[in-house]
Amino acid sequence: INCSARGFTLDNKFRCVNPVYELATYIDADLTYILCSKKFCAMIERVAAAIGVKKVSYVSSFWATCVQLLPADVRETGAAVCDIGFSNTSFGIVVGDGMECAASKSVGGANIAGDLYQILDIPYASACTLVSKANLYQETDNGSCYNVVVDGKPQQFNSFGVNRIIQARLDDFVEFIARCLSETPNFSSDVVYLTGGGIAGLKGAAAYISRQLGKRLETIVPDVPTYGKSYYSSVFGTFDVADKLEKSKNVLKRFFDRFRR
């Protein structure tokens, strides 16, 4: 569903990310591909046909997030990106417009509330409220508590104990990122770019992951007024790519229409 270049080599010696306006007699492209299950595509196309849609294009939302939200100069040498969503986490290394690697795990921000729901035996809605009140910068047991309404009655939960439950789940993200980085020994960077809405509202979560990982985390968000939040990254990244695809099709259509007249 996607073919994009990590870079180009001109005349077997000069490497660049964007060869437009460069002069060369020979060009070599280092391409990467993103695949999609044919069964999934067939299902989507049946649904689209049922509502009158004749043409379907597919866009990898994680790839779109990487290439649209990171500047070209950052992607030129390679950048590690982690998208922590509601129920899924994706990690990849983007180089140029292509992906050096990509992996995903079915764990997200929802699992943090799920852990509190199970361990503390409280409703899931109350567990979500507890996550929103948590502050991981508080690292000592000073007797403070988080106040949450459970079944219509206010309850107190020891903040240190709640933080430890949350940190145990965050360790899953740390382990996943560390494993992905270890599988790409040719890539080295002190920065991991973080996006997604899974832990965006959890105070101190990014700092905890950064500390455990031993790398600096930088949050990336869409450059869109009133929507500059990490949980909009996937949406606007995909929208941008879809818009460019549509415009490129219109340009080609106008070009070929000239020869049909």
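Tabulated data for the structure shown
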read-out: All positions within region 15-31 that are at pLDDT below 90, part of a strand (DSSP E or B) and either open to solvent by 80 Å² or more (accessible area, probe 1.4 Å) or within 29 Å of CYS41 (Cα to Cα) (or both); value: ARG15
read-out: The listed residue being open to solvent by less than 60 Å² (accessible area, probe 1.4 Å), hydroxyl-bearing (Ser, Thr, Tyr) and closer than 21 Å to ALA206 by Cβ, out of TYR137, TYR146; value: TYR146
read-out: Subset of region 112-130 [closer than 25 Å to SER210 by Cα and out of contact with any Leu (no Cβ under 6 Å at 6 or more places or on another chain)]; value: ILE112, ALA113, GLY114, ASP115, CYS128, THR129
read-out: Selection from region 172-197 of residues that are small (Gly, Ala, Ser) and open to solvent by 20 Å² or more (accessible area, probe 1.4 Å); value: ALA178, SER182, SER188, SER189, GLY197
read-out: Count of region 120-154 residues which are over 30 Å from SER90 (Cα atoms) and without any contact (Cβ under 8 Å) to a residue 24 or more places away in the chain; value: 12
read-out: Flag for GLY52 being surrounded by 11 or more Cβ atoms within 10 Å (Cβ to Cβ) and either under 21 Å from ALA200 (Cα atoms) or modelled with pLDDT of 90 or more (or both); value: no
read-out: Residues being open to solvent by 70 Å² or more (accessible area, probe 1.4 Å) and within 18 Å of the chain's Cα centre (by Cα) - total across region 198-223; value: 3
read-out: Residue satisfying all of: in region 58-91; assigned to a loop (DSSP other than H, G, I, E, B) and buried (at least 21 other Cβ atoms within 10 Å of the Cβ); nearest to the chain's Cα centre (by Cα) among these; value: GLY85
read-out: Set ARG169, ARG164: member being surrounded by 15 or more Cβ atoms within 10 Å (Cβ to Cβ) and basic (Lys, Arg); value: ARG169
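Per-residue answers, yes or no, for (1) in contact (Cβ under 8 Å) with a residue 24 or more places away in the chain; (2) touching a strand residue (DSSP E or B) at 6+ places or on another chain (Cβ under 8 Å):
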| site | (1), (2) |
| --- | --- |
| ASN12 | no, yes |
| VAL20 | no, no |
| LEU35 | yes, no |
| ARG46 | no, no |
| ALA49 | no, no |
| THR65 | yes, yes |
| LEU69 | yes, yes |
| CYS82 | yes, yes |
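The values are calculated or read from the model by the stated rules, or taken from the named source; none is laboratory data. Computed from a predicted structure; not experimentally measured. Positions of Cβ are backbone-derived with ideal geometry, glycine not excepted, and every protein chain shown enters the neighbour counts. All accessible areas refer to the heavy atoms of the entire protein, side chains included, with ligands and DNA or RNA removed. Shrake-Rupley method; radii C 1.70, N 1.55, O 1.52, S 1.80 Å.
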